[in-house]
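All remarks here apply to the structure that follows.
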Amino acid sequence: MHISLADFYPVANGETLDTYCFQRALDHLAARGGGTLSVPPGRYHLGTLVLGSNIHLHLEGGATLLASARIEDYQQHLTQSQAELSQHVLLYAIGQRNITLSGKGVIDGQGEAWFAAEKDEQGYRLPRPQRPRIIVFEDCQQVTLQDFTIVQAPMWTVHLVSCCHVHIDHLTIDNSMSMPNTDALDIDSCEAVFVSNSYLSAADDAICIKTTQKPSHLRRPAQKIMITNCLLRSYSCAFKIGTETFDDIEDVTVSGCTIFDSNRAIGLLSRDGGAFRRLMFSNLTLACRHAPPCHWGKADALFVSVRARDPAVVPGNIEQLQFSNVTGVMEGAINLHAERHGQIRDVMLSNVQLRQIEAQGVEQGHYDVRPPCNPQSPTGMGLDNAYKLDAATGLAFGVAAYPNGLPGVYAQGVENLQLLNLSIARPQPLPPGWCVETVQVFSL
């Protein structure tokens, strides 16, 4: 069945709430076993919509879905998962099959309405609490996101939770670079995920794979994930695994991607009980430069870190990790950093060619292991561990200087590290405070 939203008489003026018309059309399809709802050109003002099985929501060119700036418009249907403090969402599905979102239309999160107008001294625009995510699908199968655009999300943009068989292609997410906690794509405890040919840009992570703490029926590993031919932009971490890692993450391949305007190109952060296995990165170009200090990272091309969040929980190991055919520039370093020897092991870097460049007016020569670092909230998340300053140093907890100055590669506690055809071009003469050794390896 194929129907048009126009048959359900939306106002489409961008001001009057059209949620009821949309939901009535979606429910009409669901009652008949599913079908396609085409959204014609216009500006539709919306709160939460719930999608059922066998639904194809097609946004025609010129159609814009405007996310409401009123929290009251998201309170009828709360998600089971939580992001920061939020269970609110614009497009929601749970336990459904065969859902497709497509078309040349736009979803506008109207993020400006949810943040302070001005940045503070750390470059942070303080958010309102309870911001909505744009898309949350939980425990769904056969999900397709294709061709459409999302802009100005106020919170995590696309959050896929415990889903299976996900296909994302030619998706554009273009969020403000001044709004933190607006991850473009979060792949959370999902299996069989394919992401390709997409442009993902956000002040926070562009793509993040994680296994968050969630209700037990949604707990499962993240596995069999492929990312190819994408453009990734992020003032935080362009591609990240973690920090929430309560279950295992394995069999991930990332290839043919370009990373730019990034404070950290690739970050693998094990903090909880889940282990990482069989992660492969190849044919990448990257450009890493320092971002405002509220963002985690110090212009690292590669950051691999294992440290406990909760003193009672041993973080999972990271093992069988490969990087090959990688080139780019970085103002920071490659940092492989474990609290205990062997928590990071079996790591191979081959055909890696980087240029390390001098930065001006930033904390060059420092590394950043946030989170968790704030002694007042050792198991906290978000602002608890991202934003608190140590009075003794004037820096955020978890930010410290490299012990011998800035190296090209810093490895601590790594077992079986192989560096094959590694080339890091450094300024000559070295700037003051830089380590004279390009590669520094330490045991614990």
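No value in this document is a laboratory result; all are computed from the given coordinates. Every value quoted in this text rests on a predicted model; they were computed, and no experiment measured them. Every residue, glycine as well, gets a Cβ built from its backbone with ideal geometry; the counts of neighbours run over all protein chains shown.
Data for the structure
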read-out: For the chain, built as a Gaussian network whose Cα springs stay under 10 Å, the top-fluctuating residue of Thr16, Thr79, Thr258; value: Thr16
read-out: Relative contact order %, the chain, counting alpha carbon pairs below 8 Å whose residues are six or more apart; value: 8 percent
read-out: Exposure proxy order (Cβ contacts within 10 Å, fewest to most) of Leu200, Leu422, Leu101; value: Leu422, Leu101, Leu200
read-out: Three semi-axes of the equivalent ellipsoid, segment 207-271, Cα gyration tensor, whole Å, largest first; value: 23, 14, 8
read-out: Extension gain from Tyr20 to Thr36, taking 0.36 nm per residue of separation minus the Cα-Cα distance; value: 4.0 nm
read-out: Added length on full extension, which subtracts the Cα-Cα distance from 0.36 nm per residue, Thr258 to Thr393; value: 45.1 nm
read-out: Cut-off under 5 Å, modelled amide H: who pairs with Phe276 long-range; value: Ile249, Asn317, Ile318, Glu319
read-out: Amide N of segment 326-349 lying under 12 Å from the label point, which is placed 7 angstrom from the Cα of Leu420 along Cα→Cβ; value: 347-349
read-out: Computed [θ] at 222 nm, helices only, for the chain once each DSSP H run of length n ≥ 4 contributes -39500 (n - 2.57); value: -1000 deg cm²/dmol
read-out: Calculated FRET efficiency for the pair Val436/Thr285, C-beta based, R₀ 30 Å, to 0.05; value: 0.60
read-out: Pairwise Cα inverse-distance average, inverted: Kirkwood Rh of the chain (Å); value: 22.2 Å
read-out: Alpha-carbon gyration tensor eigenvalues x 5, square-rooted, for segment 1-79, Å; value: 19, 16, 10
read-out: Those residues of segment 195-234 whose amide nitrogen sits under 20 Å from the label point placed on Gln322, 7 Å along Cα→Cβ; value: 195, 223-230
read-out: C-alpha long axis of helix 19-31 to longest principal axis of the chain, angle in °; value: 80 degrees
read-out: Rotationally averaged projected area of segment 162-254 (alpha carbon convex hull; nm²); value: 5.4 nm²
read-out: 25 °C / 0.890 mPa s Stokes-Einstein diffusion coefficient of segment 327-444, Kirkwood radius on C-alpha pairs, µm²/s; value: 157 µm²/s
read-out: Segment 1-132: equivalent-ellipsoid semi-axes (sqrt of 5 x gyration tensor eigenvalues, Cα, Å); value: 28, 17, 12
read-out: Gaussian network model of the chain, springs between alpha carbon atoms under 10 Å - residue of Ser178, Ser262, Ser162 with greatest fluctuation; value: Ser178
read-out: Fewest-first sequence of Lys224, Lys104 by Cβ atoms within 10 Å of each Cβ; value: Lys104, Lys224
read-out: Lysines whose Cα lies under 24 Å from that of Lys240, excluding same-chain neighbours fewer than 8 positions away; value: Lys210, Lys214, Lys224, Lys298, Lys388
read-out: Projected label distance in nm at Asn197 and Gln130, using a 7 Å step from Cα toward the beta-carbon; value: 4.1 nm
read-out: Residue-by-residue Karplus 3J(HN,Hα) for segment 41-47, coefficients 6.51, -1.76, 1.60, Hz, glycine and proline x; value: x, x, 10, 10, 8, 9, x
read-out: Neighbour-count ranking [beta-carbon atoms within 10 angstrom, fewest first] of Trp296, Trp114; value: Trp114, Trp296
read-out: For Ile241, residues with placed amide H under 5 Å, excluding near neighbours; value: Ile209, Gly267, Leu268, Leu269
read-out: Kirkwood Rh, Cα atoms: Rg over Rh of segment 211-350; value: 0.96
read-out: Top of Gly297, Gly332, Gly52 by mean-square fluctuation, Gaussian network on the chain, Cα under 10 Å; value: Gly52
